[in-house]
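The values are calculated or read from the model by the stated rules, or taken from the named source; none is laboratory data. Here the structure is a predicted model, which means the values were calculated and not measured. Neighbour counts run over all protein chains shown; Cβ positions are idealised from the backbone, glycine included. We work out accessible area using only protein heavy atoms, side chains counted, and drop any ligands, DNA or RNA first. Shrake-Rupley method; radii C 1.70, N 1.55, O 1.52, S 1.80 Å.
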Amino acid sequence: MQVLQSIPFETIGVAVFALSGALMAAHKGMDPFGFALLATLTGVGGGTLRDLLIGIRPVFWVGDPTDVLACLIVAELVFVLGPRRVAMMEGGRRGRLLLWADALGLALFAVTGTGKALAAGVPALSAVALGTTTATFGGIIRDIFAGTTPLVLRQEIYVTAAALGASVMVALQAAGVEPFLSGAAGFAAAFTLRALALLRGWSLPAFPRRD
Amino acid sequence: MQVLQSIPFETIGVAVFALSGALMAAHKGMDPFGFALLATLTGVGGGTLRDLLIGIRPVFWVGDPTDVLACLIVAELVFVLGPRRVAMMEGGRRGRLLLWADALGLALFAVTGTGKALAAGVPALSAVALGTTTATFGGIIRDIFAGTTPLVLRQEIYVTAAALGASVMVALQAAGVEPFLSGAAGFAAAFTLRALALLRGWSLPAFPRRD
Amino acid sequence: MQVLQSIPFETIGVAVFALSGALMAAHKGMDPFGFALLATLTGVGGGTLRDLLIGIRPVFWVGDPTDVLACLIVAELVFVLGPRRVAMMEGGRRGRLLLWADALGLALFAVTGTGKALAAGVPALSAVALGTTTATFGGIIRDIFAGTTPLVLRQEIYVTAAALGASVMVALQAAGVEPFLSGAAGFAAAFTLRALALLRGWSLPAFPRRD
């Protein structure tokens, strides 16, 4: 348990979101500094918004830039790999790896965002809202910058998975379950739901579009 | 007067902006969680930016999530109503209700944003800038997320109405008029101007476009 | 030296970015309040994000709205000039002046952003990240609002110039060079690199695009 708790989940979340940003930069044909910018914005964007909203200052990466460094390393590794090896990583299906990195980041940030909000003593609904925002914001920045339709707007279950993970964590913690276990359950709930959405194309009933 | 002053204008502004966000989600055919996200971002976006810029922390909805709850209720009510009833609410003219909800939110936020800035003791021009920003930002977020041309960029009078309302309020309060009355005057000025723009297609002379 | 140090570089940076915003508003055929909004967002956007991230509150223009006033004056001057004189300023090549104003703002903000971050005592890598963010963010806001492809996404050297200027400044200051001189060197590095990119179409090797 002690070992598990020392795992830097936040940095892992930052790194996988940075990976999704770097892969988007690859799809858009950007230069090494474009990779660095898009990977870093995607990686630290959600946590930055969370800290701003809660009022933690400076935001997490300003005092200790380890997570920025992680983003830069991920970005340049993907750039250096080159198109042939990136295509191999993607297993022939373009954008698939990006979606899975995004899913992992979504679940990790739903939990770390909710956890930091609860630690700051905010009400339960605010904690869920902050967790969901933290989890979805990095990907939103990435997609708006890259000029593609944000994942949040697609029919697939996405925001739902983040909200579920955040809600599970808040509910369990309110029920007295200790932070690490409730976080693990929240992560599992969010990632499983998002994974099922990716694998089986699950979606919620949507409002009939009239455009 | 006492009764009037106890009206929660901020929450009303949040709710009507949330309604405009939910109607946009309906036009885009989103799922229930997409409705929740777009309505909440639109509803609390402007006030969130205002609090960040002034330095109020945490931002207003984190400590007391009543306004987030209002956004979620509005979002799901619109979703549950379904396309036929939403079309009826819109009176056969798609997007019209969205524009009027947006106009009401614009006028309310111009005044609550300016009021909160004045209460924080900022200079007059900053108060006008903060009121205008607060009023326009929620709609900008909504439109950018939904991938439609932001209302602020259309030829119709829009930013102008928010700036007018904020300026009227600041000028009256500087002249010694008490906050509630100067706010009411600012609201009336902003809403009337925006309403006339919607009803009569009023616009300011624009720079001749050369695209 | 004393004279040079009293030059308000921050306000100059704000004004040239505001000019680039006003020229974009001209290209888009906006009304006077649209000019004011786009110029102000572009002018103060980068510095606002910087202050939020570092935790300086309220942000710089709220306490002293001089820079907002500068943006408004620049915006309305461009509007009043009218299309014929703006076209003359642009020397027959549309968008060229916008690019040069943007380049000047980029170099100035890379240095003022980095300087404010160093003054707040943040680690070196964070200072570079903050300087780069400050320098690029105003232009990103302008381009997203105006619905054009952000300059940061084009193949030309752009983020690279900001990152170079910020890095030069941080390195020199770490080596004991005094702030003003290291800032001047950083400015020169950023502006020269961006100018060469504009004049000669320099670009870095980019990832081969597969869209």
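Below, the figures for the structure above:
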quantity: Within chain C: Cβ-based charge dipole about Cα centre, in debye rounded to nearest 20 (Lys, Arg +1; Asp, Glu -1); calculated: 620
quantity: Gaussian network model of chain A, Cα within-10 Å springs - most flexible of A:T42, A:T132, A:T160; calculated: A:T160
quantity: Surface/4 of the Cα convex hull for region C:107-162, nm²; calculated: 3.8
quantity: Per-q log10 I(q)/I(0), region B:1-73, q = 0.15, 0.23 Å⁻¹ (Debye; single scatterer per alpha-carbon; no solvent); calculated: -0.52, -0.97
quantity: Interface C:A - total buried accessible surface [probe 1.4 Å, Å², rounded to 100]; calculated: 2800
quantity: Region C:58-115 - convex hull of alpha carbons, volume per residue in Å³; calculated: 82
quantity: Among B:L99, B:L198, B:L125, residue whose mean-square fluctuation peaks in a GNM of chain B (springs only between Cα atoms under 10 Å); calculated: B:L125
quantity: Shielded residues, region A:38-76 - accessible-area loss of 30 Å² or more between chain alone and all protein chains, probe 1.4 Å; calculated: A:L52, A:L53, A:G55, A:R57, A:W61, A:V62, A:P65
quantity: Compactness index (Cα Rg / 2.2 N^0.38 Å), region A:78-197; calculated: 1.15
quantity: Accessible heavy-atom area order of C:W61, A:W202, C:W100, highest first, probe of 1.4 Å; calculated: A:W202, C:W100, C:W61
quantity: Per residue solvent-accessible surface (Å²) - region C:15-93, probe of 1.4 Å; calculated: 33
quantity: Within region B:44-127: Cβ-based charge dipole about Cα centre, in debye rounded to nearest 20 (Lys, Arg +1; Asp, Glu -1); calculated: 300
quantity: Mean separation of Cα contacts under 8 Å, 6 or more apart, over the residue count of chain A: relative contact order %; calculated: 22
quantity: Per principal axis, descending, Cα span of region B:162-211 in whole Å; calculated: 47, 22, 11
quantity: Top of B:A36, B:A197, B:A103 by mean-square fluctuation, Gaussian network on chain B, Cα under 10 Å; calculated: B:A197
quantity: Protein accessible area in chain C, 1.4 Å probe - carbon and sulfur %; calculated: 69
quantity: Kirkwood Rh, angstrom, the protein assembly as shown [1 / mean 1/r, Cα pairs]; calculated: 24.9
quantity: Quarter of the Cα convex hull surface for chain B, i.e. its orientation-mean projected area (nm²); calculated: 12.8
quantity: C-alpha center-to-center spacing [region A:87-138, region B:110-177] in angstrom; calculated: 33
quantity: Shielded by partner chains, region B:4-36 residues - at least 50 Å² of accessible area, 1.4 Å probe, vs chain alone; calculated: B:K28, B:G29, B:M30, B:D31, B:F33
quantity: Only Lys, Arg (+1) and Asp, Glu (-1) charged, at Cβ; region B:89-211 dipole about Cα centre in debye; calculated: 340
quantity: Copy-to-copy label separations for C:A184, where each label sits 7 Å from Cα toward Cβ, in nm and ascending; calculated: 6.1, 6.1
